[in-house]
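The structure under discussion appears below in the form of structure tokens.
The values are calculated or read from the model by the stated rules, or taken from the named source; none is laboratory data. Quick caveat: nothing in here was measured; it's all calculated off a predicted structure. Cβ atoms come from the backbone with ideal geometry, glycine included; neighbour counts cover every protein chain shown. Note: accessible area is taken over every heavy atom of the protein model, side chains too, but ligands, DNA and RNA are not part of it. Shrake-Rupley method; radii C 1.70, N 1.55, O 1.52, S 1.80 Å.
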Amino acid sequence: MKKGFLLFLLMGTLSLVLAACGGGTSSNDEGSSDNGEGGEGGDTEFVQILTGGTQGTYYPLGGAFANILTSEIDNLEANATSTGASVENMKSMRDGDGQLAFTQTDIASYAKNGEVMFDEKIENLQAIGTLYPETIQIVTTADTGIESVEDLEGKVVSVGAVGSGTHANAENILDIHGLSIEDDIEARDLAFDDSTSGIQDGTIDAAFITSGTPTGAVESLAATSDVNIVPVKEDKVKELIDEYGYYAQDEIPEGTYGLEKAVSTVAVQAMLVTDSNLSEDLVYNMTKAIFENTDQVQHAKGEQITAESAQEGVGIDLHPGAKKYFDEQ
């Protein structure tokens, strides 16, 4: 009796163990199916979005994109981080420190081709698409008396953080007007918020800021000071376009920063790039999530981000996943 009872207990225990093992195998098989969205096998995929300074436009848009990607794509967690913007972002992408990055179209082209501020080609860059015009704003106040680019000669001028697209734009615009950063102004290499703080406290006369309008740092300045935006006149706009190709005519609308009339200037395009090593399925789903949920973007630039305009002025190859999405549209 005792032997029979022990044998019964042993067989029952063995059955439970086998059932548990079989259930685990079944669960793993189901979990390992790729849903074509985030990480495979139910594993969370992490996406780092490289943006810009906290007072620019890249940073709030990057935060909005991170929320969209995390909520719309299964098994994906996205995070936006503040950076030194375009040039730094391209170098970070080269080093594998991000999966998505904001940049200017001109800087992406320089990076891909190994030109200007890039000693070597950054091979792993591919485009998601362009987003909106990046307006070059030469910001000052009425008190400085600066009314033209030529008036910047001899003044203390912020030309953007070292390694930023703004610095390259400042160099181009000054050169077209017969001025140079090295010889004709007292240059300061400052981020947007430090630039406008310097204008406010009188240590800076003017600042170049390349960003979608309205820019947070300039809005903050306008709350306490009478902001003036120095125009880039139409003949010089044409020279810039003829010389460099990637510029386009733009204007800052009346009412922006309290301006009494629209101001003529130039712009490049803001764009989103990705790592060419990411899978087609993942990039397809990220592209789809961003361009079909722009209503979740609270920044004013969200209204300008459309699938219809996303291939305008890209300048580098689209990632196959992004191309697949736009081809479907």
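Quick notes on this structure:
- Ranking 159, 176, 64 by Cα position along the charge dipole of the chain, where only Lys, Arg, Asp and Glu carry charges on their C-beta atoms, puts 64 farthest toward the positive end.
- Amide H contacts of residue 137 (H built 1.01 Å from N, under 5 Å, at least 5 apart or other chain): 209, 210, 211
- Each label was represented as a point 7 Å from its Cα along the Cα-to-Cβ direction; for residue 324 and residue 180 these points are 5.1 nm apart.
- Farthest positive-ward along the chain dipole, Cα basis, beta-carbon charges - from 145, 310, 190: 310
- In the chain, helical runs assigned H by DSSP with n ≥ 4 each contribute -39500 (n - 2.57); averaged across all residues and rounded to the nearest 500, the mean residue ellipticity at 222 nm is -12000 deg cm²/dmol.
- The residue among 291, 114, 130 whose Cα reaches farthest toward the positive pole of the charge dipole of the chain, with charges on the beta-carbon of Lys, Arg, Asp and Glu, is 291.
- Using θ = phi - 60° and Karplus 6.51 cos²θ - 1.76 cosθ + 1.60, couplings along the stretch 212-227 (whole Hz; Gly, Pro as x): x, 9, x, 9, x, 5, 6, 4, 5, 5, 5, 6, 10, 9, 7, 6
- Charge dipole of the stretch 148-299 (Cα centre as origin; +1 on each Lys and Arg Cβ, -1 on each Asp and Glu Cβ, all else neutral): 340 debye, rounded to the nearest 20.
- Cα gyration tensor category, rounded, prolate or oblate, for the stretch 200-329 with a/c compared to 1.5: prolate
- Here the 3J(HN,Hα) profile of the stretch 111-119, calculated from phi with Karplus coefficients 6.51, -1.76 and 1.60 at θ = phi - 60°, is 5, 5, 9, x, 10, 6, 8, 10, 6 Hz, Gly and Pro shown as x.
- Annotation for the stretch 216-279: trypsin sites (Lys or Arg not before Pro) lying in DSSP loop with at most 16 further Cβ atoms inside 10 Å of their Cβ are 233, 261.
- Only the Cβ atoms of Lys and Arg (+1) and of Asp and Glu (-1) were treated as charged; on that basis the dipole of the chain about its Cα centre amounts to roughly 1640 debye.
- A value for Cα extents along the principal axes in Å was derived from the coordinates, and within the list [x] 60, 44, 40; [y] 76, 44, 33; [z] 108, 38, 35 it appears as [z].
- Cβ-defined net charge surrounding residue 269, 9 Å radius [Lys, Arg +1; Asp, Glu -1]: -3
- For the chain: accessible area per residue (Å², 1.4 Å): 47
- Of 121/323; 91/261; 121/236; 261/323; 236/288, pairs whose Cα-Cα distance is over 29 Å: 91/261; 121/236; 261/323; 236/288
- Whole-number percent relative contact order across the chain, with pairs defined as alpha carbons under 8 Å at least 6 apart: 22
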